[in-house]
Amino acid sequence: MSDNQKKLIEMIVGMQSPEAIELTKVMLEEGADPNTILDICRKAMDSVGQKFEAGEYFVPELILAGDMLERISELVKPLLKEGGGGQKKTHGKVLIGTVAGDLHDIGKNIVTFMLDVNGFEVKDIGIDVPVATFIKEIQDFQPAVVGLSGFLTLAYDAMKETVEAIKTAGLRDNMKIMIGGGQVDQVICDYTGADGFGLNAMHAVKFCKEWFGVKE
Amino acid sequence: MNTATQPTSNNELYAERVQRLNDAIALRQPDRVPIIMNSLFWHTRHAGLSFRDAMYDYDGLSAATRKALDELQPDAYVLPHPIMALGPTMDIMGYRQLKWPGHDGVSNDVPFQYLDKEYMKADEYADYIFDPTGFMLHKYLPRIATAFEPLAKLPNFPSLYYTRIIHSTRSFANPDLVNAFQTLQKAGEEMGRMLGKTVQFIDDMAALGYPLAESATALSPYDLFADYFRGSKGIMLDMFMRKDLLLEAMDKAAKLIPLQAIPAAKHSRSKGVFIPLHWPGDGLMSPDQFKTFYWPPLRKVVMTLIENGLTPIMFWEGGCTSRLEHIMDIPPGKCVYFFERTDIFKAKEVLGKLVCLRGNVPGTVMSAGNPDDIKAYCKKLIEVAGKGGGFIMDGGSGIPDESKDENVQAMFDATREYGGYA
Ligand code: B12
């Protein structure tokens, strides 16, 4: 790894946003391979994720890391050749969304981020997602795990309705469903008919590793 | 109690309840654990009002609230009108920061929702710091309501003097501004109607023996910038990228916020100032960030309120167990810490000699559990958090809209059944 590449990782992991963006520009001007830059970002995001898991980083660090990734991707994308991207997602497909009536997305975004850095292919279908949209997206994307996020007490019913609709559509059998966000516990898990509830993004990763049989 | 005569009984009941609450706040042992009715849409649903009507029908809201008070007999109640009865005024002014039932395609039976957006841009901290009034008038208000848009055309008053002030009257004939003032007059009249009915309701309820739990609200400076100015993503980036500007702006806000809360509370029956705390939760920032950005400006607001004889009631949303050791530098018996999902039993250990605790029957149990679960949790709350006084019963975030009626009743029954101090 070149000096600049090492420096870029350090800057991203060290939360030095303006410096990391500047360095990316310099590297691209000097002819760096855009795919290599994306690989570096991925490595950096892995470290950020590990620091979050270790309780060293908190939500603001993840938001800033996500912001840096977005900005760097914007710089890199126009230079990428068709089919490039360099990301290798191996473990399996997860679909996630915030249920109908609920607009909270920070927790869901972090779960998405952490599943992504842990090698899952995640499709995030946004907030306030109506039951019918969940069904349609599941049919298109064919995930083996669905994550429902919600922070309001009204989300309990929306989660329950979503799980029921998945069942009615005949999609429940080979699928695991996890719920999370704000106030969820075993009572709510049973109420909604989900397979598991998670209090944080690491729980989501743990469920997926277990359900997809990923070895540590 | 036994010798109370009918005509004075409501007055006595009122005094008894206020005493119970004040004892708990001052860390004395009351006769029993006090309990607050803290509901938005649970009780309006209970009375058969749609969510929309709860926001538009002032008398309907009052009647629904009175019905719940009569049934539950709380020691104090949170007044719903200032948070809920805003529909008509918001319609007139074209308010944009909320979506609400029955407006703009939203169905009649969902609660209102605040919209998380960037209402102040990153490069506007300097404007706010230089002149907060000018920033609010010319930039912020025009963004959040249609009727405020023309305020952008108001003169920049601090730059004017002598004849320039005379000339500046010209702006007041600007047709857009004239229009705006007419609309705002209508909004003001509507707000006057709402507040008139609200004051009447407070007086009527006092006459029936029901005290107010709190009268004014204040804000944590960090939350002001997070929720109402920069949005949730913006504020988190600012902690890294605009640290000094954020700190300076919050320092200014810490002086401005009490200017609204103090007069509001001083003219009221209750000295309680409710401070909802949105962003102090355990995962939401690091301990260092909490000690730098969150607690110092908030503490400044809190101390100013206390110095003015008021009682800050801080509602620590989410889980704040990791913060307990960092929020001990307050004078004893002067405020209330209301916890949602914080470990309130640990809070009793850490803060029990310092501050009255309030909470925290879980919303999950209120919505999906049964009366036995509620009673068991309340009993434990009373025995542990209520030990020796300094505790007020409430739901973790009040009574959730979706609570089962029997669970709400169980919370009140349990408090009366187990809450007495021998
Ligand atoms: C930020 C916030 C907002 C922001 C949302 C911004 C956004 N873009 O998301 C704004 C200001 C817009 C907002 C609005 C409202 N909010 Co709000 N909000 C919060 C707040 C402060 C933080 C929630 C959050 O994002 N936490 C950050 C995440 C990262 O923390 P976390 O929970 O630890 O995250 C982990 C887990 O949730 C888990 N997870 C999340 N999803 C999933 C999914 C799966 C599958 C798994 C396994 C795990 C998982 O992993 C996450 C990462 O580790 C909470 C109070 C609090 N301090 O908790 C209130 C809170 C959630 N809000 C509340 C309310 C009432 C509202 C409003 C109705 C207020 C209003 N009347 O306007 C509106 C509703 C809007 C709507 N319809 O959704 C209440 C909910 C009460 C209830 N019981 O229903 C709370 C609890 C505050 C309170 N005590 O009153 N809010």
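The values are calculated or read from the model by the stated rules, or taken from the named source; none is laboratory data. Note that the coordinates shown come from a computational prediction; the quantities given were computed from them, not determined experimentally. Because the Cβ atoms are built from the backbone with ideal geometry, glycine has one as well, and the counts that use them run over all protein chains shown.
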Unmet criterion (only one of (1) closer than 23 Å to residue B:241 by Cα; (2) within 16 Å of the ligand (Cβ to nearest atom)) for residue A:14: (2)
Pick from segment B:283-321, criterion within 12 Å of the ligand (Cβ to nearest atom) and within 11 Å of another protein chain (Cβ to nearest Cβ), ranking: surrounded by the most Cβ atoms within 10 Å (Cβ to Cβ): B:285
Is segment A:77-90 home to any residue that is modelled with pLDDT under 90, crowded, with 18+ Cβ neighbours inside 10 Å and not assigned by TED's automatic domain parsing to the domain that holds residue A:176? no
Of the residues A:153, A:168, which single one is more than 22 Å from the chain's Cα centre (by Cα), over 15 Å from residue A:95 (Cα atoms) and within 11 Å of the ligand (Cβ to nearest atom)? A:153
Within segment A:184-216, work out how many residues are within 14 Å of another protein chain (Cβ to nearest Cβ), farther than 21 Å from residue A:113 by Cα and of a type outside the set (Gly, Ala, Ser). 8
Can you name the condition, by its number, that residue B:122 falls short on among (1) within 16 Å of the ligand (Cβ to nearest atom); (2) within 14 Å of chain A (Cβ to nearest Cβ); (3) of a type in the set (A, V, I, L, M, F, W, C); (4) touching a Gly at 6+ places or on another chain (Cβ under 9 Å)? (1)
So which residues in segment B:229-244 are farther than 10 Å from residue A:64 by Cα and more than 7 Å from every other protein chain (Cβ to nearest Cβ)? B:229, B:230, B:231, B:235, B:242, B:243, B:244
Unique match (being more than 25 Å from residue A:158 (Cα to Cα), crowded, with 18+ Cβ neighbours inside 10 Å and not assigned by TED's automatic domain parsing to the domain that holds residue A:25) among A:119, A:107, A:97: A:119
Residue in segment B:39-60 that is nearest to the other protein chains (Cβ to nearest Cβ), counting only those that are away from the ligand (no atom under 14 Å from the Cβ) and assigned to a loop (DSSP other than H, G, I, E, B): B:50
Quick one: would you say residue B:136 is closer than 28 Å to residue B:198 by Cβ, away from the ligand (no atom under 16 Å from the Cβ), surrounded by fewer than 19 Cβ atoms within 10 Å (Cβ to Cβ) and more than 14 Å from every other protein chain (Cβ to nearest Cβ)? yes
Test: residue in segment B:299-306 that is touching an Asp or Glu at 6+ places or on another chain (Cβ under 6 Å) and more than 28 Å from residue B:412 (Cβ to Cβ): no
Listing of helices (runs of 4 or more DSSP H) fully contained in segment A:48-150 that carry 3 or more residues being within 13 Å of the ligand (Cβ to nearest atom): A:59-76, A:106-117
Is one or more of the residues making up segment B:183-190 within 14 Å of another protein chain (Cβ to nearest Cβ) and assigned to a helix (DSSP H, G or I)? no
Here is a list of conditions, (1) within 14 Å of chain B (Cβ to nearest Cβ); (2) crowded, with 17+ Cβ neighbours inside 10 Å; (3) over 29 Å from residue A:127 (Cβ atoms), and residue A:9 meets all of them except one; can you say which number that is? (1)
Of the conditions (1) outside any helix (DSSP H, G or I); (2) more than 30 Å from residue B:84 (Cβ to Cβ), residue B:166 clears all except one; give me its number. (1)
Only one of B:221, B:280, B:211 that is more than 16 Å from the ligand (Cβ to nearest atom), crowded, with 22+ Cβ neighbours inside 10 Å and not aliphatic (A, V, I, L, M): B:211
